[in-house]
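Q: Before we start, here is the structure in question, set down as structure tokens.
The values are calculated or read from the model by the stated rules, or taken from the named source; none is laboratory data. These numbers come from a predicted model, not from an experiment. Note: ideal-geometry Cβ built from the backbone for every residue, glycine included; neighbour counts use all protein chains shown. SASA here: full protein model, heavy atoms, side chains in, ligands and nucleic acids out. Shrake-Rupley method; radii C 1.70, N 1.55, O 1.52, S 1.80 Å.
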Amino acid sequence: MVQDLFPDANGDGIPDFTLSNTSSMQEEEETFTKITPMASISYNLPDHWLEDTFLDSTMVYATWSTGFKSGFFEPRGADGLQELDPEELENREVGVKMEAFDSSLRFNVALYSMELREHAVDPGDHRLPGQPDARFPQTLRNRPSRV
């Protein structure tokens, strides 16, 4: 019976799936573009500030940047294709880079904040029973699942 549903016409042991019926295929095309600027500034502390310390050099910096991930089309079964918007990210970072003890020790520390906008998530409900709903972040906390 299975052989009737999935014939192996060429005899290679792999069922042949015909793709000649393209009447149900949907094609979409979209170009997603975005300019993603970045700005950074740094300052090396003067050597005379570091005299009589164990530090050889110290640099402080700040960076602001944006990022972009292209949108795409997600297959939705019988509903066709659904367009998902591009993702955008804004990043802010400040940090310090230090070398000490004749450059035998390097220490870097950074603080950053990222804001994600237009997160490309398929809003369809593809959960199995008992799984948390990934569309709502508050449901992703570690807690016993209810069945």
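Q: Counting just the residues of the stretch 51-78 that are hydrophobic (A, V, I, L, M, F, W, C) and closer than 30 Å to Thr33 by Cα, which one comes out least open to solvent (accessible area, probe 1.4 Å)? Working first, answer last.
A: Residues of the stretch 51-78 hydrophobic (A, V, I, L, M, F, W, C): 54-55, 59-60, 62, 64, 68, 72-73, 78.
From the residues that got through so far, the ones that are closer than 30 Å to Thr33 by Cα too are 62, 64, 68, 72-73, 78.
Numbers: Ala62: 37, Trp64: 92, Phe68: 68, Phe72: 68, Phe73: 53, Ala78: 110 Å².
Ranking the candidates gives Ala62 first.
Q: Let me ask you something else. Restricting the first residue to the stretch 35-60 and requiring it to be closer than 29 Å to Asn91 by Cβ, which pairs with a second residue that is among the β-branched types (Val, Ile, Thr) and open to solvent by 60 Å² or more (accessible area, probe 1.4 Å) meet a Cβ separation below 9 Å and a spacing of at least six or different chains?
A: As it stands, the answer is Val60/Val94, since those pairs meet every condition given.
Q: Could you check, for the stretch 79-87, whether at least one of its residues is surrounded by fewer than 13 Cβ atoms within 10 Å (Cβ to Cβ), at pLDDT below 90 and part of a helix (DSSP H, G or I)?
A: Yes.
Q: Is it the case that some residue within the stretch 130-138 is modelled with pLDDT of 90 or more and either surrounded by 14 or more Cβ atoms within 10 Å (Cβ to Cβ) or among the hydroxyl-bearing types (Ser, Thr, Tyr) (or both)?
A: The answer is no, given that none of the residues of the stretch 130-138 is modelled with pLDDT of 90 or more and either surrounded by 14 or more Cβ atoms within 10 Å (Cβ to Cβ) or among the hydroxyl-bearing types (Ser, Thr, Tyr) (or both).
Q: Quick one: which of Thr33, Thr18 is surrounded by fewer than 14 Cβ atoms within 10 Å (Cβ to Cβ) and modelled with pLDDT under 75?
A: Thr18
Q: Can you name the residue in the stretch 93-121 that is under 17 Å from the mean Cα position of the chain (by Cα) and closer than 17 Å to Ser40 by Cβ and is also most open to solvent (accessible area, probe 1.4 Å) among such residues?
A: Only one residue tops the list, namely Tyr112.
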